[in-house]
1. With P(r) over Cα pairs in 10 Å bins from 0, in percent defined as stated, name the option among (i) 7, 22, 23, 18, 13, 9, 5, 2, 0; (ii) 7, 26, 27, 17, 13, 9, 2, 0; (iii) 7, 31, 39, 21, 3, 0 computed from the structure displayed.
2. For the chain, give me the percentage of DSSP beta bridges that are antiparallel, rounded to the nearest 5 percent.
3. Report, to the nearest whole %, how much of the accessible area of the chain belongs to carbon and sulfur atoms, 1.4 Å probe, protein only.
4. In the stretch 1-63, which GluC sites (Glu not before Pro) fall in coil by DSSP and have 12 or fewer other Cβ atoms within 10 Å?
5. Run the dipole for the chain about the Cα centre, Lys and Arg Cβ at +1, Asp and Glu Cβ at -1, nothing else charged, and hand back the magnitude in debye, nearest 20.
6. Relative contact order (percent) for the chain, with alpha-carbon contacts under 8 angstrom and 6 or more residues of separation?
7. Keeping all protein chains in place, calculate the accessible area per residue for the stretch 201-250 (probe 1.4 angstrom), answer in Å².
Amino acid sequence: MTFGEQPAYLRVAGDLRKKIVNGSLPPHTRLPSQARIREEYGVSDTVALEARKVLMAEGLVEGRSGSGTYVRERPVPRRVARSGFRPVGGATPFRQEQADVAARGTWESRSEQVDAGGAIAERLAIQPGDRVMCTKYTFRDAGEVMMLSTSWEPLALTGRTPVMLPEEGPLGGMGVVERMAAIDVIVDNVTEEVGARPGLAEELLALGGVPGHVVLVVQRTYFASGRPVETADVVVPADRYRISYHLPVK
């Protein structure tokens, strides 16, 4: 087989990927052994091994101890609908992160006061080391973990107020917009920046992914008269979800 200028292991991985995608190698099928790949493609053991590593990094195959490497089930992506902040009047954290009204989910959270690192301080327009309330959320849909979120709010704004703890007090469990309105802070803008990166080990453990899986990260910040009042990172597995935006035309 002539491989041209592209590295041989990428060409082998590409051909195997094509077979997985078109169904020639359906889910739960054992991937050809290293010896079989070497023989079929006329490559070295090293090339065969690297090709298998590429497919594993892409999440297309998985290794089973003592059994071999198998094609993974490919989930049908579902949508995470987003439409900016919700109007005042009952937006829960789940609804805040997942705007699709048909979605029904639950969440767990824990909050703690921490010092703002450089990146978070910049996003909140505060000084590094300033105290912030950090809240970590785990969101579930039909019992399955679908999304993680970490939120930071400056304690210079919310400290010693009824909304200092996002999940406690009279407005515990409500969205940012309504909670801020309770302390006369009117949220009038929100920005979201979407990116992708390999999932961190603890994220993939919570989301049910495997090492090398890619996650989508929505970096969201709420503003009141130009002042950042909350910023968050929303993390979803890229192989199972798509970010869908519904934005009003003014």
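The values are calculated or read from the model by the stated rules, or taken from the named source; none is laboratory data. All values derive from a computational prediction rather than experimental measurement. Quick reminder, even Gly has a Cβ in these numbers, built from the backbone with ideal geometry, and neighbours come from all protein chains shown. Accessible surface areas use protein heavy atoms only, side chains included; no ligands, DNA or RNA. Shrake-Rupley method; radii C 1.70, N 1.55, O 1.52, S 1.80 Å.
1. Matching the structure shown: (ii).
2. Values: 51 of 56 bridges.
Counting DSSP beta bridges with both partners in the chain, the antiparallel share is about 90 percent.
3. Values: 6960 of 13130 Å².
Solvent-exposed carbon and sulfur of the chain make up 53 percent of the total.
4. Details: sites: Glu5, Glu39, Glu40, Glu50, Glu58, Glu62; in loops: Glu5, Glu58.
Sites meeting the loop and neighbour criteria: Glu5.
5. Numbers: 31 positive and 31 negative charges, 171 e Å.
The calculation lands at about 820 debye.
6. Numbers: 444 pairs, mean separation 43.9, N = 250.
Once normalised by length, the contact order is 18 percent.
7. Numbers: 2410 Å² over 50 residues.
Spelled out: the 1.4 Å probe surface of the stretch 201-250, per residue, equals 48 Å².
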